[in-house]
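What follows is calculated from the coordinates using simple rules that are stated; it is not laboratory data. What you see is a predicted model, and the numbers here were worked out from it, not measured in a lab. Here the Cβ is made from the backbone with ideal geometry for all residues, glycine too, and neighbour counts use every protein chain on show.
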Amino acid sequence: MKTLDIVLAGRATRLIILAVFIVLSLILTLRGAHAAVNGIGLVAVGPVMSDNGFPVWYKDSAGTRLELCLEATNPLCGFVAGDIPNPAAPLVVPNNFPDEAFWMLGSAGLTTNGTGRATLVLGLEAAFSVGPPVDGDQISFGRVRIWVDNLVPGATYIVTHPYGRDVFPNVDAGTRGIRYVQDIGIGAPGDFTGALNSRIGPFLKWTATAPLAPAGFIGDPNILHAVTGSPNSTNFFRIEGPAGSFTGSPNLCANPALGADPVATTDCIETTLFSLMGKFATNGGVTADRATYSRPAGSGGGTIDVYATSEASQPIEVARGTTFGTTLLDGDSGRYYGRIGFTGATPATLKVRNSGDVPITEKTITVVDLVTITRAEYNSDTDTLTVAADSSDQDPRPALTITGFGALSATGTSTFANVAVPPNNLTVTSAKGGTDTQRVTIIGSTFAPLAVFAAAGTDQVVQQGQVATLDGSGSTGDIDTYQWAQVGGPAVTLSNANTKTATFTAPTQSVTLTFSLTVSRLNPPGPGSTDTDQVALTVALLSPPIANAGPDRTLIQGTTVTLDGSASSNASGYSWAQTAGPAAALSNPTVAKPTFVFPVQNQLVTFQLTVTGPGGAPSSDLVTINPVLDTITAPRTEYTVSKLEWRSQGTATVLGPTAGPGNTITLTLNKASGAIVLGTTEVDNLGAWAFRLTNAPADKRGQSQVW
């Protein structure tokens, strides 16, 4: 972001009387929270203008309509040199239009303390989603911007303005300790409804005190003036904070009760004077919403139904055609309708205009037939979709196409088989341009819930006296109950038999035990709500435990190592102990797979695994973890005499901090008189290192031989 502090008049006051802030993005991430707006703001947006692609007007809850202030040479619109390529020519997108324009723009400025400033900008803006004017990129938004300098760091400040009250805790010191921008309404280009949800509105206006606002405008941006229109009756710009915040400001609040201190007056600044720009809308504009025709068979002509929207009480017309004259549409609350008769060929387009606008606003609309879907039905039992539709053109009826399914039959009804999934909405399009969309109606039987599925697990071999686990967690479906039962072999006692996992102690004999798992869905009942599966467990002859600590390995120091004793056989207990090398803490020495962080030293570590089991005496095994020796390169090492400076850089195979506690490189200068340590440096997490020693002492100068 760039800032330029100047004193200016004309259009520049729309940003702030005391400063222009050039923002490089429409939305700025901020710290602060705003309170909800009390009252109603903008309520309607007008038709889009043909020459620039922006709405003709926005209307607020007081009934005030404002249009874009686009009089290029009128200072009341605030444009400055360079805003418009050719101010003398009509303003047209994209070649002769400003990057931004406004339906309303208000700003106010305060002095905080010293050279610090506070700025408020309130606007309803027209802009382009990418930046420079591009047809099709038009957007609009309501903006509230607050920037405040030279505040007490860490303090809380309250900013009140015509459209709300914003609280900013824990502010920063210096320039723009409060930096807040809220832009609401930026949606897809061409969608101008989002700005209706912004905090802007009702529109501000100059109060009735002299001087009065210029005719046709809500104010003059070149003159500071009191305003009215706040939905909260807060037609001012006020900042409250701790005492001493605004010492020396010429804008101190007169009421000592304002601010954090009930007595001090240096805790509050305010102004009721605003720079304000906006032009009352004189045109209503027009949007041509629909023009659909009907042709009875053999009639030689037909009728066209025309729909349009505009502001209320506008003279909306269909311009003269080859077989009909200019026709005035009926209107009601901004909605307009008319029926036009024609003979011969159907007109390809109509011109709908607002003859009360200066200049006249005119929109061209394509005339299409009216397509009506009379049936869109899917049968869930037969997987068939039936579609019936017709056109208002019967002279002759045009071809109709169902999106995703192809042509509608000549009878006007088609049935499609083997439709696995019906569309949510169905669209039929006519060769004459008409289209209709309708939700698909579903008939047929409802779907049954998924059947439950019991999975008792795979057959197992267990040791005598071992605690065995029956695991049904692989079962699927909407399962409400689990029930394990023994169905074969000498009886054992099951624990937690009504859960996913049951346990028992294997008997002291070599036998085969069989168990069943039954899963059930209680609600809704019906087909597939119960299922059963079996699993067999073989109790093996007693065998002595055999420890297997895994193969020896070579690993990088600083990495996390997992020891693996899971290959041990007939084991029911595990115990790991370190027998050699620098101390390494195991995560859990009584499990099959504990972990530890390999010490950053060039020494091996050895662990012993001891396993126990019911079949005999404990068994032990050793595993050794060897370190990867660090390979260091130093392709660049140099000494600069003029700077008394050593520089060296290179790589190491043992990485830095993210791979462990760190890897330190020590640089040593070998001289005839003995070795001298130049210093140390750390290897980074990619294996690179760099060293620099400036102003090297006399005993550390010379050529390096060995590192």
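Per-structure values
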read-out: The range 460-536: Rg to Rh, with Rh as the Kirkwood radius over Cα pairs; value: 1.03
read-out: Net charge, G63 excluded, C-beta distance under 14 Å - Lys, Arg +1, Asp, Glu -1; value: +1
read-out: Exposure proxy order (Cβ contacts within 10 Å, fewest to most) of H161, H225; value: H225, H161
read-out: Amide H within-cut-off set for T559, under 5 Å, with H built and near neighbours excluded; value: F598
read-out: Nearest-0.05 FRET efficiency for S572 and S445, computed from C-beta distance (R0 51 Å); value: 0.40
read-out: Neighbourhood charge, 10 Å Cβ-Cβ cut-off, centred on L370 and excluding it, Lys, Arg +1 and Asp, Glu -1; value: -3
read-out: Relative contact order of the range 287-369, defined on C-alpha pairs under 8 angstrom at six or more residues apart (%); value: 33 percent
read-out: Inter-label distance for D135 and V487, nm, one decimal - labels placed 7 Å from Cα along Cα-to-Cβ; value: 7.7 nm
read-out: Cβ-defined net charge surrounding A567, 13 Å radius [Lys, Arg +1; Asp, Glu -1]; value: -1
read-out: Relative contact order for the chain, counting Cα pairs under 8 Å that sit 6 or more residues apart, in percent; value: 7 percent
read-out: Longest DSSP-loop-exposure-free segment, trypsin sites (Lys or Arg not before Pro), the chain, at most 16 other Cβ within 10 Å; value: 32-319
read-out: Span from the the range 289-313 Cα centroid across to the the range 175-194 one, whole angstrom; value: 40 Å
read-out: Residues with amide H under 5 Å from that of Q460, placed H, sequence gap 5 or more; value: A536, L537, T538
read-out: Exposure proxy order (Cβ contacts within 10 Å, fewest to most) of V263, V134; value: V263, V134
read-out: Cα gyration tensor category, rounded, prolate or oblate, for the chain with a/c compared to 1.5; value: oblate
read-out: Under the Karplus curve 6.51 cos²θ - 1.76 cosθ + 1.60, θ = phi - 60°, whole-Hz ³J(HN,Hα) for the range 511-521, x wherever Gly or Pro sits; value: 9, 10, 10, 10, 10, 10, 10, 10, 10, 9, 9
read-out: Cα centroid separation - the range 516-574 against the range 439-508, whole Å; value: 16 Å
read-out: Cα shape, the range 59-120, gyration tensor, a/c 1.5 rule; value: oblate
read-out: DSSP bridge orientation in the chain - percent antiparallel, rounded to nearest 5; value: 95 percent
read-out: Alpha carbon centroid spacing (whole Å) that separates the range 97-168 from the range 603-663; value: 57 Å
